[in-house]
Amino acid sequence: MIATRDVWRAWGRILQGRKPALAIEITKECPLRCPGCYAYGAQHVEGERSLRDLTDFNGEELVSRALELAKQLRPLHISLVGGDPLVRYRELERLIPQLLAQGIFVQVVTSAFRPPPAAWAGLERFELVVSIDGLQPEHDARRKPATYERVRTNIRGQHVVVHCTITRPMLARRTDLEAFVVEWSQNPDVKKIWFSIFTPQRGAELAETPTPDERAWVIDELLRLRAIYPKLDMRRGLIEALRHPPASPRQCAFAQLTEIRTADLRTAITPCQFGGDPDCSRCGCLASMGLEAITRHRLPIGVRVGTLLEASRSAAALWARR
C-alpha cells in the first residue's frame, strides 16, 4: 500500500520538475541467457551499442557512483535491475542500507541465481522481486542456472515477490497460469505474485509475443484468479488497463515519471525501461499498468488523477523556462 505521505512527496518532486522514480541497470553482467530478454537487445541502448558494450562498475566505485546519482536525482523509489543485481551482491550489501537511510524505497529485481543476503529479509521499505518464467519445465530450460530448485533454496527465509512475464509458449496449456499461481502461493517465502505480459518492439514478431486473442484470455484469467488467490496482488484496475494500454510513452505515467540509467550510470534508457521503440499497443508492463490505473482514477472532485499529473508536469516545465 502506498502511504499518503509518499503520494504528497511524489507530487512535490513532479512540481519541481523531477522524476520521483529511478531504475538503475546496476550491472551488465548476468549468468542467464533468457530468450526474448530486452536488456541485451540491439535496440535497448541508443546508437550502435548494446548493454554488453558499456562500461560498468564494481566495488567501492559502484557504491559511490550510485549514491552520487541518487543524491543528484533525489528519487523516492529506486529499482535495481540488470543484468542481474546479485552479481554485485557485495556492493548492494553496502549500497542498500545507505539508500534506505535517505528515505528511499528500494526494490531489487533478480533471478535468484544465488542467495540474497540474509539481512534483506528484515529490511523495511525494501522489496525483493524474483523473476520466474512459467512452470518448472519451461522455466528451467529458459533460465538455467536459476532453476526452480535453486530459486526455492535461495529465497528460503526471505519475503519475496514472484514476478512472471507471460510469453506465448506459456499459454500452450491454458491450465498452466493457475498452476503457476498455486505453485508459488503455497511457498511460505513468497508474499506476493505479479504478472506482466511480454512486450515486443514495434514491428517485431517474436515467438514470445502472445496473440491478441491470447492476451484477452490472459486478462480475463487474471481477473478470475485474483478473486481466488490472495497472494495474486494485482488490483482489478491494473489488470483492466492491459486491455487499453497508454498509446505512447508520452501518455505513459511510468515512462514519464521514471528515470532509467544503464550500467555506466550515465546513459539514459528511453523512452521507458524497454528502450528502442516499444509497441505500446501490446505493452504488458506491470509498472506501467499500475500507474495507468492510478491516473484513470477520479478524485471526489470529479477530476482524473492523470489530468492533475499532466497539469503539474506542465506547470513545472513552464516554471523551468522562466
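The values are calculated or read from the model by the stated rules, or taken from the named source; none is laboratory data. Here the structure is a predicted model, which means the values were calculated and not measured. Positions of Cβ are generated from backbone atoms using ideal geometry, with glycine treated the same way; all protein chains shown enter the neighbour counts.
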Can you find even one residue in the range 252-273 that is outside any loop (DSSP other than H, G, I, E, B) and over 30 Å from GLU29 (Cβ atoms)? yes
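Looking only at the range 78-103, count every residue that is surrounded by 20 or more Cβ atoms within 10 Å (Cβ to Cβ) and not basic (Lys, Arg) and tell me the total. Don't jump to the end; show me each part of the working.
So in the range 78-103, the residues surrounded by 20 or more Cβ atoms within 10 Å (Cβ to Cβ) come out as 78-88, 91-92, 95-96, 99.
Add one more test, that the residue is not basic (Lys, Arg), and what stays is 78-87, 91-92, 95-96, 99.
So the count comes out to 15.
Is it true that GLU138 is outside any strand (DSSP E or B), of a type outside the set (Gly, Ala, Ser), over 19 Å from PRO188 (Cα atoms) and in contact with a helix residue (DSSP H, G or I) (Cβ under 6 Å, 6 or more places away or on another chain)? Give the steps one after another, and end with the answer.
Values: outside any strand (DSSP E or B): yes; of a type outside the set (Gly, Ala, Ser): yes; over 19 Å from PRO188 (Cα atoms): yes; in contact with a helix residue (DSSP H, G or I) (Cβ under 6 Å, 6 or more places away or on another chain): no.
So GLU138 does not fit the description; no.
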Mind checking which pairs have a first residue in the range 203-231 that is farther than 15 Å from THR165 by Cα and a second that is assigned to a loop (DSSP other than H, G, I, E, B), Cβ under 6 Å, 6 or more apart or different chains? ARG226/MET234
Tell me which residues, restricted to the range 54-64, are over 22 Å from the mean Cα position of the chain (by Cα) and more than 10 Å from ILE26 (Cα to Cα). THR55, GLY59, GLU60, GLU61, SER64
Failed item in (1) under 20 Å from ARG74 (Cα atoms); (2) of a type outside the set (Phe, Trp, Tyr); (3) modelled with pLDDT under 90; (4) surrounded by 17 or more Cβ atoms within 10 Å (Cβ to Cβ), with THR295 passing the rest: (1)
Look at the range 23-48 and say how many of its residues are surrounded by 14 or more Cβ atoms within 10 Å (Cβ to Cβ) and outside any helix (DSSP H, G or I). 17
Extreme residue, farthest from ARG298 (Cα to Cα), among residues of the range 210-239 that are in contact with a strand residue (DSSP E or B) (Cβ under 7 Å, 6 or more places away or on another chain) and not in a helix (DSSP H, G or I): PRO210
Could you grab me the full set of residues in the range 32-73 that are at pLDDT 95 or above and not aliphatic (A, V, I, L, M)? PHE57, ASN58, GLY59, GLU60, GLU61, SER64, ARG65, GLU68, LYS71, GLN72
